[in-house]
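Accompanying notes for the structure given below.
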């Protein structure tokens, strides 16, 4: 493995061990993170998001990762998060494709891609099945995720 592949492995190993501090040490101070649930997050928002997700999971999240690839500028990995969604307590198995950009030996851009409709069917059941593909429902998911992050930030 090259240095950036090791960095990705370190990130996901820390995630699997519920170690938000080590995860965030893998990030550049100017990190930009994007995914379908939160949209674009920057800098300290990203670290706070991982800390919040780990704390909310209460140790009941399983992280598996594979297919790590990286060169000196970009990288990717596949990962699977298995957990119970906090709002409904429904089991979710979320299959994610992550893309990375590196700068100064750290991750400066991290983009997670997953099928929001598949996720919403698992997280919300019939409601997610019927509405999860719509822009309206996906925007509601994002609004709720950002509100949850703001409340968590304010409580710190």
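The values are calculated or read from the model by the stated rules, or taken from the named source; none is laboratory data. Values in this document were obtained by computation on a predicted structure and should not be read as measured data. Cβ: placed from backbone, ideal geometry, glycine included. Neighbour counts: every protein chain shown.
Pull up the stretch 32-52, narrow it to residues that are part of a strand (DSSP E or B) and surrounded by fewer than 18 Cβ atoms within 10 Å (Cβ to Cβ), then point me to the one that is modelled with the lowest pLDDT. Spell out the reasoning first.
Let us first name the residues in the stretch 32-52 that are part of a strand (DSSP E or B), namely 32-35, 39-42.
Add one more test, that the residue is surrounded by fewer than 18 Cβ atoms within 10 Å (Cβ to Cβ), and what stays is 34, 39-40, 42.
Working: 34: 98, 39: 94, 40: 97, 42: 97.
The extreme case among them is 39.
Report whether or not residue 88 is surrounded by 14 or more Cβ atoms within 10 Å (Cβ to Cβ), over 16 Å from the mean Cα position of the chain (by Cα) and without any contact (Cβ under 8 Å) to a residue 40 or more places away in the chain. So residue 88 passes the test.
Would you say residue 138 is outside any strand (DSSP E or B), at pLDDT 95 or above and either under 16 Å from residue 53 (Cβ atoms) or touching a helix residue (DSSP H, G or I) at 6+ places or on another chain (Cβ under 8 Å) (or both)?
Values: outside any strand (DSSP E or B): yes; at pLDDT 95 or above: no; either under 16 Å from residue 53 (Cβ atoms) or touching a helix residue (DSSP H, G or I) at 6+ places or on another chain (Cβ under 8 Å) (or both): yes.
No; evaluated as a whole, the condition is false for this residue.
Suppose we keep only residues that are surrounded by fewer than 13 Cβ atoms within 10 Å (Cβ to Cβ) and in contact (Cβ under 8 Å) with a residue 12 or more places away in the chain within the stretch 65-79. Which one would you say is nearest to residue 9 (Cα to Cα)? Please lay out each step first, then the result.
At the first step, the residues of the stretch 65-79 found to be surrounded by fewer than 13 Cβ atoms within 10 Å (Cβ to Cβ) are 66-67, 71-73.
When the remaining residues are screened for being in contact (Cβ under 8 Å) with a residue 12 or more places away in the chain, the result is 66, 71-73.
Details: 66: 9, 71: 14, 72: 15, 73: 16 Å.
That would be 66.
Residue-wise test of (1) touching a helix residue (DSSP H, G or I) at 6+ places or on another chain (Cβ under 6 Å); (2) modelled with pLDDT under 95; (3) under 25 Å from residue 13 (Cβ atoms); (4) part of a strand (DSSP E or B).
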site: 54; (1), (2), (3), (4): yes, yes, yes, no
site: 59; (1), (2), (3), (4): no, yes, yes, no
site: 81; (1), (2), (3), (4): no, no, yes, yes
site: 86; (1), (2), (3), (4): yes, yes, yes, no
site: 93; (1), (2), (3), (4): no, no, yes, yes
site: 102; (1), (2), (3), (4): yes, no, yes, yes
site: 107; (1), (2), (3), (4): no, no, yes, yes
site: 130; (1), (2), (3), (4): no, yes, no, no
site: 133; (1), (2), (3), (4): yes, yes, no, no
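Applying the criterion of being over 19 Å from residue 83 (Cα atoms) and free of Cβ contacts under 8 Å to residues at least 60 places away in the same chain to the residues of the stretch 6-28, the residue that is farthest from the chain's Cα centre (by Cα) is 6.
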